[in-house]
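Below you'll find the structure, written out as structure tokens, and then a few comments.
The values are calculated or read from the model by the stated rules, or taken from the named source; none is laboratory data. Note that this is a predicted model, so its numbers are computed, not measured. Here the Cβ positions follow ideal geometry from the backbone for every residue, glycine too, while neighbour counts run over all protein chains shown. Accessible surface is based on the protein model in full, side chains and every heavy atom, while ligands, DNA and RNA are left aside. Shrake-Rupley method; radii C 1.70, N 1.55, O 1.52, S 1.80 Å.
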Amino acid sequence: MSDKLTATNTLRTTRIQSVKTENPTTKTYAFMDKQCAKAKPGQFLMLWIPKIDEIPLSIMNTEGKSVSVTVKNVGEATHALHRMKQGETIGVRGPFGNPFTPNNGNVLLIAGGTGIAPLLFLAKKLAIQAKHLSLIVGAKTRNELLFLNQLNPLCTEQSTATTEDGTYGLKCLATAPLEKILAKEKFDMVYACGPEPMARQVFNLTEKHAVPMEASLERLMRCGIGICGSCMIGKYRVCKDGPVFNSQQLREVTDELGISKLGFDGNRIPV
Ligand SMILES: Cc1cc2nc3c(=O)[nH]c(=O)nc-3n(C[C@H](O)[C@H](O)[C@H](O)COP(=O)(O)OP(=O)(O)OC[C@H]3O[C@@H](n4cnc5c(N)ncnc54)[C@H](O)[C@@H]3O)c2cc1C
Ligand code: FES
């Protein structure tokens, strides 16, 4: 193991600096960690919840030595984390994985649900360098649309919100407006993060319109450093070769992307 990996992979304990409730199921946690504060948009960390579990989370922001993650309450570990308060101890490893590749041209970001967290981090960096920045954010319902107030000022072009139940913005999936926008305008890069069926559909559409894309994928993760094999997609390990994959890599995994993944027992299950 290289010295750099040994340093990022060493578990550090830190205290929760602040907890912000974003909506009834999602909270943002900030804590100090020198290593993860150096992360680039798209990288993730492994967060240890004492006595419960360790889970992968995208880095949502860094500021000085402070790091933020935005977490949806979906099961045992995230439920335990949601009960934790400012000052309590957590553990951190990372940052891990490959970040998004910054593009200076005409870029579009498309996010679903908590997938918006790493894309907000990316949008903040791109706002400084990209010529044109467009955004599509989708969620099931209005209160799950996160960070619109922070994202809208960063967009230089169109910003579209969608909800599945029509309580805000367009009543459709985020990929519906994407199809129309791609038919009209040429982009230098599309960045996607969200549920895998959404990533698959964004991949299909960008291939159709010959636009390069990068998508951040999620798989079951245990080690986070390419050893255990629980996060495989095709020949790739999502923790080490991803979580951000480009169009060329995604073309090699079309029989799995948005279709199936390995479950906790190692058997293949639907995504
Ligand atoms: C690279 C990466 C970045 C992620 N970023 C975020 C984020 O920014 N915000 C966020 O809310 N969630 C994020 N997730 C998902 C998050 O890791 C899971 O929601 C969490 O691990 C669920 O744990 P649990 O014990 O609460 O739920 P469980 O009861 O264990 O499972 C609930 C569901 O979560 C998924 N899941 C469970 N464990 C894992 C695991 N170790 N790795 C991946 N998926 C798992 C499974 O599909 C399962 O059906 C990310 C996952 C990955 C791989
Ligand atoms: S989580 Fe172990 S190889 Fe990716």
Practice problem: Determine whether residue 91 is closer than 21 Å to residue 22 by Cβ and in contact with a strand residue (DSSP E or B) (Cβ under 9 Å, 6 or more places away or on another chain). | Solution: no
Quiz item: For residue 146, which of the numbered conditions (1) assigned to a loop (DSSP other than H, G, I, E, B); (2) touching a helix residue (DSSP H, G or I) at 6+ places or on another chain (Cβ under 6 Å); (3) open to solvent by 70 Å² or more (accessible area, probe 1.4 Å) fails to hold?
Solution: (3)
Exercise. Tell me which of these residue 9 doesn't satisfy, since it passes every other one: (1) open to solvent by 20 Å² or more (accessible area, probe 1.4 Å); (2) more than 16 Å from ligand 2 (Cβ to nearest atom); (3) modelled with pLDDT under 95.
Key: (2)
Exercise. State all residues of the stretch 55-69 that are open to solvent by less than 10 Å² (accessible area, probe 1.4 Å) and within 7 Å of ligand 1 (Cβ to nearest atom); if no residue qualifies, say none.
Key: 69
Quiz prompt | Residues being open to solvent by 10 Å² or more (accessible area, probe 1.4 Å), more than 7 Å from ligand 2 (Cβ to nearest atom) and either outside any loop (DSSP other than H, G, I, E, B) or charged (D, E, K, R) (or both) - total across the stretch 223-242 | solution = 4
Quiz item: Got a number for residues in the stretch 48-60 being over 14 Å from residue 114 (Cβ atoms) and in a strand (DSSP E or B)?
Solution: 4
Self-check item: Residue count, the stretch 243-271 (criterion: out of contact with any strand residue (DSSP E or B) (no Cβ under 9 Å at 6 or more places or on another chain) and assigned to a helix (DSSP H, G or I))
Solution: 2
Quiz item: If the Cβ limit is 7 Å and pairs must be 6+ apart or interchain, which residue in the stretch 61-84 that is on the phi > 0 side of the Ramachandran plot pairs with which residue that is open to solvent by less than 70 Å² (accessible area, probe 1.4 Å) and near ligand 1 (Cβ under 6 Å from one of its atoms)?
Solution: none
Quiz prompt | Selection count where residues are surrounded by 23 or more Cβ atoms within 10 Å (Cβ to Cβ), of a type in the set (A, V, I, L, M, F, W, C) and not in a loop (DSSP other than H, G, I, E, B), scope the stretch 72-119 | solution = 11
Quiz prompt | Count - residues of the stretch 164-222 that are over 16 Å from residue 105 (Cα atoms) and not in a helix (DSSP H, G or I) | solution = 24
Quiz item: Which condition number in (1) away from ligand 1 (no atom under 12 Å from the Cβ); (2) over 20 Å from the mean Cα position of the chain (by Cα) is the one that residue 269 fails?
Solution: (1)
Exercise. Might you check whether a residue that is of a type in the set (A, V, I, L, M), farther than 30 Å from residue 211 by Cα and assigned to a loop (DSSP other than H, G, I, E, B) occurs anywhere in the stretch 22-35?
Key: no
Quiz item: Any residue in the stretch 45-54 that is surrounded by fewer than 16 Cβ atoms within 10 Å (Cβ to Cβ), more than 23 Å from residue 238 (Cα to Cα), of a type outside the set (Asp, Glu) and in contact with a Gly (Cβ under 9 Å, 6 or more places away or on another chain)?
Solution: yes
